[in-house]
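Readers should treat all values here as calculations from the given coordinates under stated rules, not as data from a laboratory. Not measured: the values here are computed from a predicted model. Here the Cβ positions follow ideal geometry from the backbone for every residue, glycine too, while neighbour counts run over all protein chains shown.
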């Protein structure tokens, strides 16, 4: 993950006294709630049942909104929610006074191919070269025993969400300028999976493995598969946990903490979700998440409750 210094963690935006003094004020859709939460798509699919269980156990009225990182940022800036979900490490622009990011876990990011593509194992170097536009036909992959196969033009698909935040697709290529001029930019997950990769035999794209599985369950016989990277399957979480599998998204929940406008129920919910991911992983592992507790034990780097980096390679260790 390319965020990760103490300086990055402590770079907090300035806000005037009036903003600092404002309490959280729910919108119309959050009125009469004890806790208002906004989640990104993965979190909404994976965590909503657990949050509803939490609300029932505590007899709390919890309102859950489905959105994206940008929605969470805006609602937190407006002080309209107690908790905001992010699918990426935060950028400088996300860090507000009194706001703390809690990492729930990481999710493998899969390289997607059409089911009919004869390839199912690519090197990370090949993947990067393809997305850079340096390789434009599947029959031209160096070292492939399929080099003599019939030409099949490569169709690059990229969904470049959260462009200013580190991590996610930026572990593949760091910025939008590095993608080849022939890359097709798509705006939504259905455009990537259903219309894109499933619709063109030569396509290559990327999305979280959990999202792919969600669409595979929803659309039977979906002709999309996840490629192995240097022989490692994204579904085998031990490779991601060790740092060997290189592509993933980070799931964070940001909450207000004392002495700011904290709602103690938000911290209760954080503890509830952390307990589930550690002790009852079947509740969320259907969405292919590695919980923060496992990451800590495996040497991933944290600053407080927030993940800031993958395990150091031996040459990098102090």
Subject >> Inter-site label distance for residue 185 and residue 78 at 7 Å from Cα along Cβ, in nm >> reply: 2.6
Original post:
Taking the Cα atoms only, what angle lies between the long axis of helix 209-218 and the longest principal axis of the chain, rounded to 10 degrees?
Top reply: 80
Subject >> Share, in percent, of DSSP beta bridges within the chain that are antiparallel, nearest 5 >> reply: 70
**OP:** For residue 34 and residue 238, calculate 0.36 nm times their separation in residues minus their Cα-Cα distance, and state this gained length in nm to one decimal.
**Re:** 69.6 nm
Original post:
(1) 32, 55, 13, 0; (2) 32, 59, 9; (3) 23, 43, 22, 8, 3, 0: which one is P(r) over Cα pairs in 20 Å bins from 0, in percent as calculated from this entry?
Top reply: (1)
Original post:
If you take every DSSP beta bridge whose two residues both sit in region 108-242, what share of them, in percent to the nearest 5, is antiparallel?
Top reply: 60
Original post:
What is the packing order of peptides 12-19, 91-98, 153-160, 200-207, taking the mean over residues of other C-beta atoms within 10 Å and listing the highest first?
Top reply: 200-207, 153-160, 91-98, 12-19
Subject >> GNM result for the chain, Cα springs below 10 Å: residue of 277, 211, 176 fluctuating most strongly >> reply: 176
Original post:
Of the peptides 59-67, 104-112, how do they stack up when ordered by the mean number of other Cβ atoms within 10 Å, highest first?
Top reply: 104-112, 59-67
**OP:** Round to the nearest 0.05 the FRET efficiency obtained for residue 66 and residue 115 when R0 = 22 Å and r is the Cβ-Cβ distance.
**Re:** 0.15
**OP:** Taking 7 Å along the Cα-to-C-beta vector as the label spot, tell me the residue 25-residue 136 distance in nanometres, rounded to one decimal.
**Re:** 5.6
Subject >> Residue-averaged [θ]222 nm for the chain, counting only DSSP H segments that reach four residues, each worth -39500 (n - 2.57) >> reply: -7500 deg cm²/dmol
Original post:
Gaussian network model of the chain, Cα springs within a sub-10 Å range: biggest mean-square fluctuation belongs to which of 169, 300, 29?
Top reply: 29
Original post:
By how many nm would the segment from residue 296 to residue 221 grow when fully extended, if each residue of separation counts as 0.36 nm and the alpha-carbon distance is taken off?
Top reply: 23.2 nm
Subject >> Within a Gaussian network of the chain (alpha carbon springs, distance under 10 Å), most fluctuating of 276, 295, 247 >> reply: 276
